[in-house]
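Throughout, read-outs are computed from the coordinates displayed, never taken from laboratory work. Please read all numbers here as calculations on a predicted model, not as lab measurements. Cβ coordinates were reconstructed from backbone atoms using ideal geometry, including for glycine residues, and neighbour counts include every protein chain displayed.
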Amino acid sequence: MIEFRQVTKRYDSEHTALRQVNFHLDRGELAFLTGHSGAGKSTLLKLVMVMERPSAGEVVVGGQVLNSLPRRQIPYIRRHIGVVFQNHQLLFDRTVFDNVAMPLEVMGASPRDSGRRVRAALDKVGLLSKEKMNPLQLSGGEQQRVGIARAVVNKPPLLLADEPTGNLDPKLSADIMNLFAQFSQVGVTVLIASHDLALINEMGRRTLTLDQGNLITGGTSLHGGVGGR
Amino acid sequence: MIEFRQVTKRYDSEHTALRQVNFHLDRGELAFLTGHSGAGKSTLLKLVMVMERPSAGEVVVGGQVLNSLPRRQIPYIRRHIGVVFQNHQLLFDRTVFDNVAMPLEVMGASPRDSGRRVRAALDKVGLLSKEKMNPLQLSGGEQQRVGIARAVVNKPPLLLADEPTGNLDPKLSADIMNLFAQFSQVGVTVLIASHDLALINEMGRRTLTLDQGNLITGGTSLHGGVGGR
Amino acid sequence: MAADPSSKRRKPDPARGAKVSRSPWREQAESYFTHHRKVARDSAGRMWRTPVASLMTWTVMGVALALPVALLLLLTSLQGVSAGWESSARVTAYMKLSASLEQTRALADEIESDGRVAELELVDRDRALAEFRASSGLDDALDYLEENPLPHTLLITPKESARSADGVAALVTFIEGMDGVEQVQVDLGWLQRLNAMTDLLARAVWALAILLAAAVVLVIGNTVRLSIESRRDEILVAKLVGGTDGFVRRPFLYTGAWFGLGGGVVAWVLLQLSLWWLSGPVTRLAELYRSDFSLSSLSVDGALALIIAAMLLGWLGAWVAVKRHLDDIEPGEIAGG
Amino acid sequence: MAADPSSKRRKPDPARGAKVSRSPWREQAESYFTHHRKVARDSAGRMWRTPVASLMTWTVMGVALALPVALLLLLTSLQGVSAGWESSARVTAYMKLSASLEQTRALADEIESDGRVAELELVDRDRALAEFRASSGLDDALDYLEENPLPHTLLITPKESARSADGVAALVTFIEGMDGVEQVQVDLGWLQRLNAMTDLLARAVWALAILLAAAVVLVIGNTVRLSIESRRDEILVAKLVGGTDGFVRRPFLYTGAWFGLGGGVVAWVLLQLSLWWLSGPVTRLAELYRSDFSLSSLSVDGALALIIAAMLLGWLGAWVAVKRHLDDIEPGEIAGG
Ligand SMILES: Nc1ncnc2c1ncn2[C@@H]1O[C@H](COP(=O)(O)OP(=O)(O)OP(=O)(O)O)[C@@H](O)[C@H]1O
Ligand SMILES: Nc1ncnc2c1ncn2[C@@H]1O[C@H](COP(=O)(O)OP(=O)(O)OP(=O)(O)O)[C@@H](O)[C@H]1O
Ligand SMILES: [Mg+2]
Ligand SMILES: [Mg+2]
């Protein structure tokens, strides 16, 4: 589902965020991405989302090489990726319901269908009772969960999460992780950037570790993809 | 330094964030504030900052009852409080240096003085090399550290931190906690909201625990202040 | 913020539920139009929720729209007047003193039948003297005259088609060549002055119209630009969840069109108010000059055209602003993402 | 974004370091002014970094400012012309036919010495006849006259102070009462018409000036309001780190003043361009009417006054917008804080 081939990302002459990263994630796989602050985790996720373009190497998502993707095709790629952002990225001029409904609205889902799906997603993160509130009125953890609901609402085949439990208490963190695990069981590829080593160890999944932009564990050799894309 | 007397905060008829909270923090004390997501931690900190007003009860900071504080006095109270916000609250239209310099600029510090202090603060959080960058170009953890530098730059007698290590790796988290501990040793009162139970246990300090707005551990009885304000 | 259109949406509609067999294409099209309606309603609602600010923008646009239209109306009114002025480019033919009244009458009939003459008045010598006496104030002096020194006179108004400088000159030559005509006078200066005046007015109107048309586009472009800036996050998130450029653009285009609508209505109100306010002195002035000048007002069709043009201008301004600024907002710049 | 004024600031200044004894009060005052300078520079820089957008706002403001000033200039020019018109409110005194030239001359001297008379011209009967002959085109007819039927005539122009309808009437009565004067004529209609015209113009100018002054304040208010909205976060953070209201307001007031400055300069440029463009046809028209009419242009003082007024208006607009919107932004609404 995701494949990085010798990917390097250089922001400017001084800052190299990723150095020749190679890895491959299968459909339905759940993997963690860890590393110190500034190691390049968010950068890696941004490359998958085509929010940044690699300086060298190829990023392949769902069989499509993103490097050569024309600008007008980008929205259609993004519709197949659910993302939880490190700083939520909620809109404060609309209700929680409308925030979660955005990916469906963009795709032109019918209102009836959309209402059902949004409520299902909010229920999964335990916020069904707050659907009519403004995100500004929510606590930090509640906002983070709204972001998670938005990422999963349209059941995307690929799910990226950047520090999804940074503002959650340990019990809720475990719940959310279980939610992600459920998704991966039905064939969704999940990649989670996280610092919560305790939780990661508990889950016992594949872990990609970045250090100063180098992938030091969990990667694959250049041509040794596991296949099955 | 901080005293809550029977403080209740009701946002609207349905949402009561704090219920009759009583506690007292001495000068130089460092305490943690924990609780599930939505327990009322941020609300408690906002009351100290006069970002919200209590529905009932009294909040006393530095000997001053905040309830009766006139609007125009609020800025002068805030200048004595350093705050790390849950979502950083950095400005993306200026450099890291200028962000950290804001509390000094507001107080009218001289440029020379201000430059020295800002660099000292950035050095403490390990970001001296990034002073000229825009916060947008920083990773999530780096942004959080800029927020911490801004909170401590003017050496305030009171330091509040809302989830200051949510985006930091375990090693950095420990470093930041040590920084806070150093501050408390020189007489600064520090109150930290956090979910990181492992870290809190390691520090072995007083812990206030909120549950559905009730203070269940670490509080004081109504008139049993430890004194020494 | 409190408005929650979603509650309606989530209520399952039994009538719809029945049409299960509907093709996905129809469903797509329907949800497309549903979205258009929703965006139109939302952007109108957004304006409604900040009434003072919206009114400010409308007023600025209204002023900018009203001024060129007012100038246009003024020009139309003046064209009516200048038609009146042109008719004062009269040709006066003085007969020989020896010409009799009958002779003059015959000549008058002949001239009147010419295709270039709109009107003809015969002033016989007695009436000419009486009028001269009255207008010159030389009552006593004229009593000394033994004989009426004035000839019969023909006052000839050329047809509109012959009112050019050349046309009038040809007419003068034609009349001068006739028997019994002593002299023909014509005040060609009037025509020349009129041309100079029209030229000046046209220039002034053009200068103002260009400035103000620019102002309309600028006002809307600026407003939309700033509203894009203040809705940066929304654009970012919409792009991140896979919104196409058209999707992201839509609310701004509707916003522009609504601003245009409001501006058009305000412009219309301003025009009507000004007309009403100015009509008093204008009528008085026109009476003094015995002119049939009156300010043209806006017809219903004109008002509709004004409002529709304003909406189009608003839409255009929004489109330009969106085109210029939307591409600048790329998700790469997301905070700490 | 790339500009980093901080690098300068952090360089330790040895000259300053020497003055260690400076009192904290002086230090405070100095840092206050340093901050003012910094804010002024920053807000100018912010405008500079978005040149197209700033130019748009300036142009809108410039147009709104230029129009009332243009009207003012036009009114000034017209007052010059109407002064010319007023002087055509001439009093004509016809002498008795029996009055000799010497008698008339004496009378003329007497009238001229009156305080209400600005100018006096004596037209003797021979010249009067010659002029009449030339202007009426009745050459032949007048040859039949045995005697000149025209009297000596005095053309009297009243002083400006006596040019009111009442003043002129009093003058007429005075002259009529003199020996040898047969009749006095005066065209009072002119004055009436002039009043009606001035009234109309004044009304139109007022209507436009009010609209446009409103437009200026609205444009600036709106721009500042939107820039407040787009700088919401900055206001929030400034308030949270203890910024007073004055501190938070300052950048917006400077922004308003800079917008005003730009708008004033654009207005001046527009005015000069329009004057230059219109001067051709105006001169031609004035020549046709043998009028000394010319469009007044803006003096250096006037230009300065315009620009300063624009800056003050900008500051005022910003102040109003800031007053209305700044209090709305209260840190309670901070995201997930
Ligand atoms: N737009 C940018 N321009 C320049 N440098 C950048 C930019 N974005 C990120 N960087 C730098 O690239 C490095 C990696 O950033 P990234 O956001 O990927 O880190 P991260 O692993 O997500 O860290 P964290 O855990 O703190 O979020 C950082 O040092 C950062 O300063
Ligand atoms: N402005 C508001 N209006 C209404 N309800 C609010 C408002 N702000 C907070 N709340 C509610 O008050 C409760 C406490 O919020 P608070 O932000 O204090 O939680 P918290 O302890 O900081 O949680 P977290 O760990 O998730 O940040 C939450 O249920 C939240 O929904
Ligand atoms: Mg990151
Ligand atoms: Mg919180």
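Numbers below:
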| quantity | calculated |
| --- | --- |
| Candidate lysines for bridging to residue C:159, where Cα separation is under 28 Å - those fewer than 8 sequence places away on the same chain excluded | C:96 |
| Unsatisfied cross-links (Cα-Cα over 23 Å) in the set C:38/C:239; B:155/D:323; A:9/B:130 | B:155/D:323 |
| Point-charge dipole on Cβ atoms (K/R +1, D/E -1) for chain A, about Cα centre, debye to 20 | 680 |
| Translational diffusion coefficient (Stokes-Einstein; Kirkwood radius from C-alpha pairs) of chain A at 25 °C, 0.890 mPa s, in µm²/s | 136 |
| Candidates B:184, B:194, B:139, ranked by Gaussian network fluctuation over chain B, Cα under 10 Å, top entry | B:139 |
| Residue-averaged beta-carbon neighbours from other chains (10 angstrom radius) around C:244-253 | 2 |
| Cut-off 20 Å (backbone N to label point 7 Å along Cα→Cβ of residue B:26), residues of region B:182-220 | B:182-192, B:203-209, B:217-220 |
| Cβ-Cβ FRET estimate between residue C:127 and residue C:50, R0 fixed at 56 Å, reported to 0.05 | 0.15 |
| Longest to shortest principal axis, alpha-carbon extents of region B:93-151, angstrom | 30, 23, 18 |
| Sites residue D:118 and residue C:72 - FRET efficiency at Förster radius 45 Å, r taken between beta-carbons, to 0.05 | 0.55 |
| Shielding score for B:140-147, defined as the mean number of other chain Cβ atoms within 10 Å | 5 |
| GNM result for chain B, Cα springs below 10 Å: residue of B:71, B:117, B:205 fluctuating most strongly | B:71 |
| Residue-averaged 222 nm ellipticity for chain A, from DSSP H runs of 4+ at -39500 (n - 2.57), nearest 500 | -10000 deg cm²/dmol |
| Whole-number percent relative contact order across chain B, with pairs defined as alpha carbons under 8 Å at least 6 apart | 33 |
| At 1.002 mPa s and 20 °C, Stokes D of region A:67-189 from Kirkwood alpha-carbon radius, µm² per second | 145 |
| Cut-off under 5 Å, modelled amide H: who pairs with residue B:86 long-range | B:162 |
| Karplus-derived HN-Hα couplings along region D:117-126 (A = 6.51, B = -1.76, C = 1.60, θ = phi - 60°), whole Hz, x at Gly and Pro | 9, 8, 8, 9, 10, 9, 10, 6, 4, 5 |
| Relative contact order computed over region A:93-151 (Cα-Cα under 8 Å; 6+ residues apart), in percent | 51 |
| Whole-Hz ³J(HN,Hα) from phi, Karplus 6.51 cos²θ - 1.76 cosθ + 1.60, for region B:52-57, glycine and proline x | 9, 10, x, 6, 8, x |
| Sum of side-chain charges, residue D:322 neighbourhood, beta-carbon under 14 Å (Lys, Arg +1; Asp, Glu -1) | +3 |
| Shielding by partners, peptide D:228-241 (average Cβ within 10 angstrom, other chains) | 6 |
